[in-house]
Amino acid sequence: MGARPPHLLDFQDWTPERLGAILDNADTMLQVLDRPVKKVPALQGLTVCNAFFENSTRTRTSFELAARRMSADVLTFAAGASSVSKGESLRDTMEVLTSYKVDAYIVRHHAAGAAHLVARYSGKPVINAGDGRRAHPTQALLDAYTIRQEYGSLEGKTVAIIGDIRHSRVARSNAELLPKLGAKVVLCGPAPLLPAGLGALPGVTLTTDPRAAVRGAHAVMALRLQRERMSGGFLGSLQEYADTYQVNETLMQEAESGAVVLHPGPMNRDLEISGDAADGPRSRILKQVENGQAIRMSVLYHLLVGRN
Amino acid sequence: MITITNIKRVGSEKTESVTIENGLIKGWNLPEEGDVIDGQGGTVAPALIELHAHLREPGQTEKEDLASGLAAAAAGGYGTVVSMPNTSPVVDDPAIVRSLIEKASGLGFARLRPAAALTKGQKGEELAELTYLKEAGAAMFTDDGRTNENARTLRLGLETAGSLGMVISVHAEDASLRADGVMNEGPVSEALGLPGNPASAEAARVARDIEIVAGLHAQGVPARLHIQHLSTARALDLVRAAKAQGLPVTCEVCPHHLTLTDEALRSFDAIFKVAPPLRTQADADHLLEGLRDGSVDCLATDHAPHTRAEKERDLLDAPSGIAYIELAFPLMYTRFGETLGLERILDLMTAAPARVMGWTEPTLDAGQKADLVVLDLTTERTVNPAEFKSKAKFTPWAGETLKGWPLLTVVDGKVAYQR
Ligand SMILES: [Zn+2]
C-alpha cells in the first residue's frame, strides 16, 4: 500500500490502494451509523482539534460528529473572533493550540496551503477541511464514495464537474483524486472560470461546452456559484450563466442513462442546478451528506488508529 | 590612511597592495602606510552598487532600519545603496531625504542614496516636489511598492524628472491584470489553487511605459525610464526592442528571479512570495540570456525585509519580499560564475548600476573614490541566516554552500565591513 502519509492535505502522497482502503473502511462506518448506539471506542482518549480559521458550520459539524462517534474529545477553535484575524501568524496560533496537547487537527482556512503550514508547525496529523481554492480532500473522497456506491468502482467512469472551477477546491480535489481511482474528469465552466492550467493534470480535460462535458458522463457535479463572481467581472449575468451552464434534466439527457447528479452544497436552486435535478431520482445529494460523515470517520481512523 | 595588502585585481594573478588616504585611492604598491589590512589573497573590485533596497526607515523599523540594512549591505560588499521610498511616512518630503542621508552618514556602513517618491504619498495622482527632492539629495524617483496606474501622471513625471537629469524607476505591473495574484499564473498556481499573477501584467505595463518614453523621445523631450525587477521573458523582449530603437530605457533583474521559479511555491512557504512573482524556468533562462547579451542593464536585489511572523502567515496574507543583500554576490558568483564570468557579474553590480543612474563609473585607479570590496572567490561557506546583519534572519538559500563571500568592504576610505 506504500507508506502511510501522516496527513490528509491533498492526494499527492496517497496511493490508490491507501485511498481505496479509506473508501472500503467507510462501508464499516456506515454500518456503525445504522446502529442504535452510533459510537465506537476507536479514538477514546484522543483529542481532535477542529481548527476553523474560516467559518463553515456544515463541514465543522460533520467533522465534529465524526470525531465524537469515534469517541474522541473535540476541541473547537474558531478564529473569527480571535487575534488571527488581526494578523497573528499561523505559527503563533498553532503554538498555542499545540500547548493543549491535541492529537490531530482538522483545518479549514481561506488560504491555499494553510493546512500544509499547520502540518509543518503542529507535528501532528492534519486533515485539510478546505484551504482556499486548493483542496477539500474529504469532500472529494465522499464524492468518489458516492459514485462508487452507484457503480461498484470508479474504473472507466467519467465524471463531469460544471461551474466555477477556478475558485473551487472541490473541483481541484476531485480532479486530483478521481483519476487516481481510474475515472476520467471533465471540468466545465465559462472560460474565465476555467483555468487552462488545470488541463495539465493527468486524466483531466477541460471544456466550455456543458453538453460536451456531460456526454458519456456517469456522474455530473454542479458547483455552487458565488454570486459575487458577477461583481468580479467573471460573468455577464447570472441569468446568462443559468441558461448556459445549469445542471438540469435537459442537460442530463446527454449523459449516460443511469448518470447521477451531485452537488457539494449548499445549493443555489435554479441557478447552478435546477430543482428537478436537485430533487429528482438521479440526485444523490443527500446521500453525499450521509456518506460525508462515514468518510470522515474513516479518515480519522486511518490517520490516528495504530499511530503512536 | 590604510593599506590593504595581499590582494589581486580582477583578471590578474599578481599580488598587490593599495593605499587609501582621505577617502581616495592614493596608489598601488606604495610603501605600506597607516593601518595595514591583510586582504588574504582576495580579489579586489569597486564596491557593489545596489539600486533597489527596502531599508524600511522611517516607520517600519521592526523589519529593518538604516543601521541594520546598511550594515547588511556592507557585509554583502555594497558601498552604495539606493533605498526605496515606500516607508511610513513615504519619502516624499525633502526633509525626510535630508534626515535619512544625515543619519546614514554617521553609521559608517554602506553609503545611502535615498530614492524619493514620484508622487505625493505614492498615491500616483499628484507629482511630488521633484525639484526640491533632488536638491535634498534624492537619487531618483519611484513609486515602487505601488504601480503607476495613472499613465498621464507618469508621463508628467518623466518630463519633469528628465528636465532635472533624473531617472524614474517603475514597478511595472498592471494592477488590474495582476488582480489578487500572489504567484505566477500558470499550471503551478492552478494546481496549488493560488490566485495567479499573469506574465501579461508585467509585459502590458512595460509596453505602455515604453510607449510613453517613445512619445517623449520623438518630441526631443529628455526622459529616462528604469524598469525595476523585470521578471518575464516577454517584458524583456519589449525592452530589447526599445533599446534597439535607441530609447532611453534601462532595466534591472534580481538574482532571485534568476535562481528560483514558481515551483518553489509548492512548499506553500511565504518566503518565496515576491512581487513580481517567481516565474518559470523559461523566464529565468531568458533573463539570464539578457544579462549575457546586454539587454538587461544591471542586477539589483530588491532587498525586502519583513518580520518572521509576517512571513509565517499564509500565502494570501503574507507580505511580498525576500531579504538577501548579504548573499547577492556569492549567489550570483556561485550559480553563474561559469556562464557569465566574474567580470560580467561584477560589471552588472558595480559600473552598470552607475551607468543607469548617470553616475561616474567606479574604478580602482589612483585618485578615485576609495569604495572597494575584497572578495574571497574560493572558500565555500554555508549560508547561515542567524549571522545576517539584516533584521530578516531567514532566506530561501539557508544551508546552501556558496563562494564569493566579501572579506572586506571599504566605503569612503573607511572599513565598513570586515569578515
Ligand atoms: Zn517593486
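Applying the criterion of being over 22 Å from B:G76 (Cα atoms) and part of a loop (DSSP other than H, G, I, E, B) to the residues of region B:18-54, the residue that is farthest from the ligand (Cβ to nearest atom) is B:P31. Residue check: B:E326 meets all listed conditions (1) open to solvent by 10 Å² or more (accessible area, probe 1.4 Å); (2) within 14 Å of another protein chain (Cβ to nearest Cβ) but one, namely (2). Picking from residues in region B:152-171 that are closer than 25 Å to B:S231 by Cα and without any contact (Cβ under 8 Å) to a residue 40 or more places away in the chain, the one that is farthest from the ligand (Cβ to nearest atom) is B:R152. Would you check which residues across region B:224-273 are open to solvent by less than 10 Å² (accessible area, probe 1.4 Å), in a loop (DSSP other than H, G, I, E, B) and either on the phi < 0 side of the Ramachandran plot or away from the ligand (no atom under 15 Å from the Cβ) (or both) and list them? Within region B:224-273, B:Q228, B:L230, B:S231, B:T232, B:C254, B:F268 qualify. The single residue among B:E62, B:E57 that is within 19 Å of B:F388 (Cβ to Cβ), open to solvent by 10 Å² or more (accessible area, probe 1.4 Å), more than 16 Å from the ligand (Cβ to nearest atom) and within 14 Å of another protein chain (Cβ to nearest Cβ) turns out to be B:E62. Total residues in region B:76-120 satisfying the condition of being of a type in the set (K, R) and part of a loop (DSSP other than H, G, I, E, B): the figure is 1. Cβ-Cβ under 8 Å, sequence separation 6+ or interchain: first residue in region B:405-419 and under 16 Å from B:E50 (Cβ atoms) and open to solvent by less than 20 Å² (accessible area, probe 1.4 Å), partner outside any strand (DSSP E or B) and among the aromatic types (F, W, Y). Which pairs? Sorted first by the residue in region B:405-419, then by its partner, the pairs are B:P406/B:F329; B:V411/B:F109; B:A416/B:F109. Does at least one position in region B:333-355 carry a residue that is more than 17 Å from B:A53 (Cβ to Cβ) and of a type in the set (S, T, N, Q)? Looking through region B:333-355, at least one residue is more than 17 Å from B:A53 (Cβ to Cβ) and of a type in the set (S, T, N, Q).
Under the condition of being closer than 14 Å to A:N268 by Cβ and either open to solvent by less than 30 Å² (accessible area, probe 1.4 Å) or part of a loop (DSSP other than H, G, I, E, B) (or both), the residues counted in region A:238-254 number 6. B:V213 satisfies every condition listed in (1) hydrophobic (A, V, I, L, M, F, W, C); (2) under 27 Å from B:F329 (Cα atoms); (3) open to solvent by less than 10 Å² (accessible area, probe 1.4 Å) except (2). Residues in region A:111-132 that are of a type outside the set (A, V, I, L, M, F, W, C), within 11 Å of chain B (Cβ to nearest Cβ) and either open to solvent by 10 Å² or more (accessible area, probe 1.4 Å) or part of a loop (DSSP other than H, G, I, E, B) (or both): A:G113, A:H116, A:R120, A:Y121, A:G132.
Scanning region B:297-322 for residues that are surrounded by 24 or more Cβ atoms within 10 Å (Cβ to Cβ) and away from chain A (no Cβ under 14 Å) yields a total of 10. Residues in region A:264-300 that are open to solvent by 10 Å² or more (accessible area, probe 1.4 Å), outside any loop (DSSP other than H, G, I, E, B) and touching a Leu at 6+ places or on another chain (Cβ under 7 Å): 2 in all. Quick check on region B:186-193. Is at least one of its residues within 24 Å of the chain's Cα centre (by Cα), of a type in the set (V, I, T) and away from the ligand (no atom under 16 Å from the Cβ)? No: zero hits. Residue count for region A:192-233 under the criterion of being part of a helix (DSSP H, G or I), within 14 Å of chain B (Cβ to nearest Cβ) and open to solvent by 40 Å² or more (accessible area, probe 1.4 Å): the result is 5.
Within region A:195-224, can you find the residues that are of a type in the set (A, V, I, L, M) and modelled with pLDDT under 95? Residues satisfying the conditions are A:A196, A:L198, A:A200, A:L201.
Taking the criterion of being free of Cβ contacts under 8 Å to residues at least 12 places away in the same chain and among the hydroxyl-bearing types (S, T, Y), would at least one residue in region B:58-81 satisfy it? Yes: one or more hits. The residue of region B:118-144 that is nearest to the ligand (Cβ to nearest atom), among those that are out of contact with any Ser or Thr (no Cβ under 8 Å at 6 or more places or on another chain) and open to solvent by less than 50 Å² (accessible area, probe 1.4 Å), is B:Q122. Considering region B:177-222, the residues that are farther than 16 Å from A:H167 by Cβ and free of Cβ contacts under 8 Å to residues at least 12 places away in the same chain include one that is farthest from the other protein chains (Cβ to nearest Cβ), namely B:G220. The residue pairs whose first member lies in region B:120-137 and is among the aromatic types (F, W, Y), whose second member is surrounded by fewer than 19 Cβ atoms within 10 Å (Cβ to Cβ) and not in a helix (DSSP H, G or I), and whose beta carbons are closer than 7 Å, counting only pairs six or more residues apart or on different chains, do not exist in this structure. Of all the numbered requirements in (1) outside any strand (DSSP E or B); (2) open to solvent by 10 Å² or more (accessible area, probe 1.4 Å), B:L70 misses one, and that requirement is (2).
The values are calculated or read from the model by the stated rules, or taken from the named source; none is laboratory data. Since the structure is predicted, the reported quantities are computational estimates derived from the model, not experimental observations. Counting neighbours? That spans all protein chains shown, and the Cβs are built from the backbone with ideal geometry, glycine included. Calculation scope for accessible area: heavy atoms of the full protein, side chains included, ligands and nucleic acids excluded. Shrake-Rupley method; radii C 1.70, N 1.55, O 1.52, S 1.80 Å.
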